[in-house]
Amino acid sequence: MLRPLQFATASLFVSFAATAFSGEKDATGGGAKGVQITELTDHVRVEINGRLFTEYFFKDVPRPYFYPLIGPGEAPMTRNWPMKNTPDEEHDHPHRRSLWFTHGSVNGQDFWSEEKAFGKIVHDGFIEIRSGAEFGTIKSRDKWVAVDGTTICTDERTMRIYTPKDDHQRMFDFEIILRASHGDLTFGDSKEGTMAVRLAETMRLQGKVGHGHIVNSEGVRDLPTWGKRAAWCDYYGPVEEKIVGIAIFDHPQNPHHPTWWHVREYGLFAANPFGKHDFEKLPDKTAVNLTVPAGKSITLRYRFYLHQGDTQQDAVAEK
């Protein structure tokens, strides 16, 4: 069982991890056991026990993103478009690229959309890329660049992918330090954010092929989960005749924990700590902005748990 939300330190997950990384072949026919991470020209490839888990695209993109996201039983758990055309997928919201981090109002700049004038998150180098038996790590730096080319802030992100004990689960942690490196940094109150996934079409709650469900830590289900605060949220549904789900856990030390959830019936699934005005329909939007003074920083941490079965079958609440 996963230890509850103590995911700042990798050593806590030995019980979840596989054994020695020594080039030993995986019994299922894949490559070496453990997490293998390979830097390529424009993306980083992540394999678990010799099989593709995800790829992290960082070059010549509006913002870095993970695509695809392969869950238990080799189930592709995120939408392919706009990276790839696939039958029966909606072509709405082209900025929603599989799995990503951004926000719709940063010092007044829109970093969420890709329409009209928008800011970009520009990769500024890797700090560490490391494979291992128990987990693999990607650490990188980024610049948040406004429409006029000025840098608003910088980030340092750590993405840690764990070796699962069986094929019924996958887990990774996403930590981002947002630095007010170029003056005061204000995250404006907006529902357009922040730690986000666009799920596979068959997992969505509604739509011509959607047969999914949403559950949060407060027991709220489906449509009413939008804009509600919860420690975690789980979105599950069928992919290739298997029921699979993604749970996102909000770290207790994150700002405004438990977070609000920008989770939609059409497959958008996002934790958003900066959307109180929109979600709670408050009269004064500026009163709930979050400002980081120049030279300071804030840290956000999220755990992604990909599982087989629905929320109850996989005991997500216990995880």
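Things to note:
- Whichever lysines have a C-alpha closer than 27 Å to that of Lys281, once near sequence neighbours (fewer than 8 apart) are set aside: Lys116, Lys191, Lys228
- In a fully extended conformation the segment linking Thr286 and Asp167 would gain 38.2 nm over its present Cα-Cα distance, using 0.36 nm per residue.
- Highest mobility in the GNM of the chain, judged by mean-square fluctuation with C-alpha springs under 10 Å and restricted to Ala75, Ala180, Ala117, is found for Ala117.
- Rounded to the nearest 20, the Cβ-based charge dipole of region 218-319 about its Cα centre (Lys and Arg +1, Asp and Glu -1) stands at 500 debye.
- D (Stokes-Einstein, µm²/s), Kirkwood Cα radius, region 49-186, 0.692 mPa s at 37 °C: 200 µm²/s
- Annotation: amide H of Arg63 within the under-5 Å range of Ile121, sequence separation 5 or more or interchain, hydrogens built in the peptide plane.
- Among Gly188, Gly237, Gly50, the largest mean-square fluctuation in a Gaussian network model of the chain (Cα springs under 10 Å) belongs to Gly50.
- Taking 11 Å as the cut-off, the amide N atoms of region 280-295 that come nearer than this to a point 7 Å along the Cα-to-beta-carbon line of Glu218 belong to 280.
- Over the residues of the chain, the helix contribution to mean residue ellipticity at 222 nm works out to -500 deg cm²/dmol, using -39500 (n - 2.57) for each DSSP H run of at least 4.
- Restricting region 174-229 to trypsin sites (Lys or Arg not before Pro) in coil, as DSSP defines it, with at most 12 other Cβ within 10 Å: Lys208
- Leading residue at positive end of dipole, the chain (Cβ point charges), from Ala146, Cys233, Val215: Ala146
- Around the Cα centre of the chain, unit charges on the Cβ atoms of Lys, Arg, Asp and Glu (plus for the first two, minus for the last two) sum to a dipole of about 460 debye.
- Springs between Cα atoms under 10 Å define the GNM used for the chain, and in it the highest mean-square fluctuation of Asp189, Asp142, Asp42 occurs at Asp42.
- Anchor Lys165: lysines whose Cα lies under 27 Å away (excluding residues fewer than 8 positions away in-chain): Lys25, Lys33, Lys139, Lys242, Lys319
- For region 171-178, Karplus couplings with θ = phi - 60° (6.51, -1.76, 1.60), whole Hz, Gly/Pro x: 8, 8, 10, 10, 10, 9, 9, 9
- Farthest toward positive dipole pole in the chain [+1 Lys/Arg, -1 Asp/Glu at C-beta], among Thr286, His168, Val197: Thr286
- Across all directions, the average projected area of the convex hull around the alpha carbons of region 194-319 is 8.4 nm².
- For the set Arg96, Arg264, Arg130, the ranking by accessible area, highest first and with no ligand, DNA or RNA atoms included, is Arg130, Arg264, Arg96 under a 1.4 Å probe.
The values are calculated or read from the model by the stated rules, or taken from the named source; none is laboratory data. Here the structure is a predicted model, which means the values were calculated and not measured. Neighbour counts are summed over all protein chains in view; Cβ atoms, including those assigned to glycine, are modelled from backbone coordinates with ideal geometry. Ligands, DNA and RNA are excluded from the accessible area calculation, which covers all protein heavy atoms including side chains. Shrake-Rupley method; radii C 1.70, N 1.55, O 1.52, S 1.80 Å.
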